[in-house]
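A.B. asks: Take a look at this one; I'll ask things after.
The values are calculated or read from the model by the stated rules, or taken from the named source; none is laboratory data. Please read these numbers as outputs of a predicted model, since none were measured by experiment. Reconstructed Cβ throughout: ideal geometry from the backbone, glycine too, with neighbour counts over all protein chains shown. Areas reflect the complete protein model, heavy atoms only, side chains present, ligands, DNA and RNA absent. Shrake-Rupley method; radii C 1.70, N 1.55, O 1.52, S 1.80 Å.
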Amino acid sequence: RNRCQRLDLSGNARNCFLTGNPDSYRNITGQGLRCLLDVPHTSGQEVYRNAHHSSGRLCSQSFQPLWEKIPSLQISSVGQPPHHFPAWNIQINRSFHTSPSLQAAPVPLFWIIVKPAQKLFAIILGRSIRNWWKALPPNKRELFKESARKNKWKILLGVSSLGVVFVMFYFTHLEETPITGRARLLVFGKEHFRELSQMEYDMWMEEFKSQMLPETDARYQVVERVVGHLSESNKDVPQVAALKWVIHVVDEPGVNAFVLPNGQVFVFTGLLDAVSDIHQLSFILGHEIAHAVLEHAAEKASLVHFLDFLSLIFLTMIWAICPRDSLAVVGQWIQSKLQEFMFDRPYSRTLEAEADKVGLQFAAKACVDVRASSVFWQQMELAETIQGQPKLPEWLSTHPSHENRAEHLDRLIPEALKIRESCNCPSLSGPDPRLIFRLNVQHLLESSKGREAPNSTKQDPSKPKLDFPHT
């Protein structure tokens, strides 16, 4: 009876936005919101009918299937090929981003104030050491070097002791991540983020106060019911049940969504344009809920705090060793970039991958067709390719590339399907949306070749070259 309640979800284990086309709302508004299923598979009624009934209630009770909760939702018939892909009509600036900058790395208020002062102190200290050394007469420099050679073991012991202190601090502040059980550094707890979360919430509400959709708007109601269904289906997870999820839908074309640590959910209407169906939307919101549940904001802030404190030592050394201020500035810039690309951004990509995994499990327990999750990122990649957007290396980004994200989800889908089955969800009898997407891409390629062949055998440089090896 308690199988799903005790289900182990750990398994085997840049502020860039897409800008949507406001006119595309004609496809989803009118008599009510219509999330067009451009990647057809099992009908919504079949997916959610009888979900959580009888023994299915053990996976956190949900009194109504999601599709019955959204009567205005219309799904295209199974087997009908899509006539368009909504995501392809999006004007893309760079990549889909699902976390605002403050949420990605918030810090306590005292650290915001103290950190610049600490860096300034390190620079002044290092520069003072350099000037002191330059002012020493040659004979005193030799005496100082000789003294350092005689006491090299004492100096080495002092440096080693400082290193031991940092190591002890690191290991004494390790905690286990909820759900996944991953060990992570956590210097700041939830109490440190309550005030900041409220401040950030007030900031976003002030910024979007004229763009908030009313609760009577069909788009708001869809998001509210999807989030409600996800939280209800996962209320056996203590971190999900502990938060009150409050919905805010912003009439903004950017493809964006984020959840603050205090449970405030913000969804841009541009995201509703980008998703093909309710399954993709459920996965994305599950991903954002996972960020809050896993306390990624506090974790990222803790890492930044620890690395910044370590960097003060190197910053002092740079300003002490470099003969000129200009060289010290260059050295400081190189140090900051090394920290960013070797630690900060890879860590952010790790947290995004973890949120994908847990968000997929949340969606599976809500009887979502988890196979649609990877299709969303393939759509995003295809949209970028069609519009000729340059592909930057993944190591330059805080998020995994669309292609790697889709491949990662494909590897997780079999496990998610088992979780879905264990929760007595209806079987997915329709075609795999990933297969339908590949067939549609193939049809698109063939159609584009057919249009180009009569005109010219040469590639038009003004048109992007389509190349999708992963599909």
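A.B. asks: Taking a ≥ b ≥ c as the square roots of the Cα gyration tensor eigenvalues, with a/c under 1.5 meaning rounded and otherwise prolate when a/b beats b/c, else oblate, which class fits region 138-275?
C.D. replies: prolate
A.B. asks: Over region 231-320, average the accessible area per residue using a 1.4 Å probe and give it in Å², no decimals.
C.D. replies: For region 231-320, the per-residue accessible area is 22 Å².
A.B. asks: How big is the gap, in Å, between the Cα center of region 324-390 and the Cα center of region 244-269?
C.D. replies: Comparing the Cα centres of region 324-390 and region 244-269, I get a distance of 19 Å.
A.B. asks: Expected output is a single nm value to one decimal: the length gained when fully extending between Phe171 and Met203, i.e. 0.36 nm times separation in residues minus the C-alpha distance. What is it?
C.D. replies: 8.0 nm
A.B. asks: What lysines could a cross-link reach from Lys244, if we take a straight Cα to Cα line under 24 Å and drop same-chain neighbours fewer than 8 places away?
C.D. replies: Lys244 reaches Lys69, Lys190, Lys209, Lys235, Lys300, Lys357, Lys365.
A.B. asks: Kindly provide the GluC sites (Glu not before Pro) of region 217-291 that DSSP labels as loop, not H, G, I, E or B, and whose Cβ sees at most 12 other Cβ atoms within 10 Å.
C.D. replies: Qualifying residues, ordered by number: none.
A.B. asks: Hey, got a sec? Which chymotrypsin sites (Phe, Trp or Tyr not before Pro) in region 256-289 land in a DSSP loop and have at most 10 other Cβ atoms within 10 Å?
C.D. replies: none
A.B. asks: Tell me which lysines have Cα within less than 27 Å of Lys449's Cα, excluding those fewer than 8 residues away on the same chain?
C.D. replies: The reachable lysines, counting only those whose Cα sits under 27 Å from Lys449, are Lys391, Lys458, Lys463, Lys465.
A.B. asks: Mind giving me the nanometre distance, one decimal, between the label points for Phe309 and Gln442, set 7 Å out from Cα along Cα→Cβ?
C.D. replies: Spacing of the two 7 Å Cα→Cβ label points: 5.7 nm.
A.B. asks: I'd like the carbon and sulfur percentage of the solvent accessible area for region 209-265, probe radius 1.4 Å, heavy atoms only, ligands and nucleic acids excluded.
C.D. replies: 48
A.B. asks: Tell me which aspartates and glutamates have Cα within less than 17 Å of Lys418's Cα, excluding those fewer than 8 residues away on the same chain?
C.D. replies: Partners within reach: Asp8, Asp356, Asp369, Asp410, Asp432.
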